Amino acid sequence: MATETTLILFKPDTIEKNLSGTVLQRFLAENLTIRGIKMMTLSDELLAEHYAHVADKPFFPEIVAFMQKTPVIALALEGDNAISRVRDLLGPTNSQEAPAGTLRGDFGETMMINVCHASDSTETAAAELKRFFNEGEIFSF
Ligand SMILES: Nc1ncnc2c1ncn2[C@@H]1O[C@H](COP(=O)(O)OP(=O)(O)OP(=O)(O)O)[C@@H](O)[C@H]1O
């Protein structure tokens with residue numbers, strides 16, 4: 001098993017419903033370790049970069065408006081196979097298709113209002129950790 005660090009964003013629905021503690025607890029209960037955590041607002045530029053792969057979709061402006069509704073919480077989580085395990089804990093992108101027991105199944109509403117973003121590969125995790133955390137904000141101990 002590979003030790004990996006993944007980037008998670010608690011989206012505005014999680015913040016507004018005061019579910020941050022519940023969601024964090026689900027991750028920590030799976031033996032994933034916090035290496036970095038911060039609250040931040042997301043600029044148009046950052047969102048254009050983060051969602052570049054859907055920038056040409058009709059729903060893109062809606063995503064930007066949604067992701068700017070409140071600050072988000074960015075989390076760097078480390079553990080064995082953290083990238084795929086976190087995505088399994090979240091369930092499929094579309095909350096309506098997510099089974100009970102997954103975070104999106106239990107707390108998500110739609111394709112967009114879906115609790116968290118999480119990196120989907122080692123390459124995106126490395127790029128996303130750099131995107132959301134500055135030098136010195138991710139800790140090894
Ligand atoms: N059909 C859609 N309608 C509205 N929003 C969508 C739709 N498809 C995707 N999105 C939004 O775009 C985000 C990025 O889509 P992507 O296909 O990369 O899914 P994902 O990688 O599972 O999601 P995320 O990047 O949030 O973890 C989704 O999380 C969702 O917020």
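None of the figures in this text is laboratory data; all of them are computed from the coordinates on show. Model, not experiment: these values are computed from the prediction. Cβ sites come from the backbone with ideal geometry, for glycine too, and all protein chains shown count toward neighbours.
The rows are residues; the columns are (1) of a type outside the set (A, V, I, L, M, F, W, C); (2) touching a residue at least 24 places away in the same chain (Cβ under 8 Å); (3) farther than 10 Å from T6 by Cα.
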{"site": "L47", "(1), (2), (3)": "no, no, yes"}
{"site": "A55", "(1), (2), (3)": "no, no, yes"}
{"site": "L75", "(1), (2), (3)": "no, yes, no"}
{"site": "N81", "(1), (2), (3)": "yes, yes, no"}
{"site": "G91", "(1), (2), (3)": "yes, no, yes"}
{"site": "A98", "(1), (2), (3)": "no, no, yes"}
{"site": "F107", "(1), (2), (3)": "no, yes, yes"}
{"site": "M112", "(1), (2), (3)": "no, yes, yes"}
{"site": "S119", "(1), (2), (3)": "yes, yes, no"}
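Determine whether R131 is surrounded by 16 or more Cβ atoms within 10 Å (Cβ to Cβ) and of a type in the set (D, E, K, R). Against the criterion (surrounded by 16 or more Cβ atoms within 10 Å (Cβ to Cβ) and of a type in the set (D, E, K, R)), R131 does not qualify.
Among residues belonging to the stretch 1-18 that are part of a loop (DSSP other than H, G, I, E, B) and surrounded by fewer than 21 Cβ atoms within 10 Å (Cβ to Cβ), point out the one that is farthest from the ligand (Cβ to nearest atom). My answer is M1.
Entry remark, the stretch 116-128: residues being assigned to a loop (DSSP other than H, G, I, E, B) and more than 9 Å from the ligand (Cβ to nearest atom) number 1 in total. The condition of being part of a strand (DSSP E or B) and of a type in the set (A, V, I, L, M, F, W, C) does not hold for M111.
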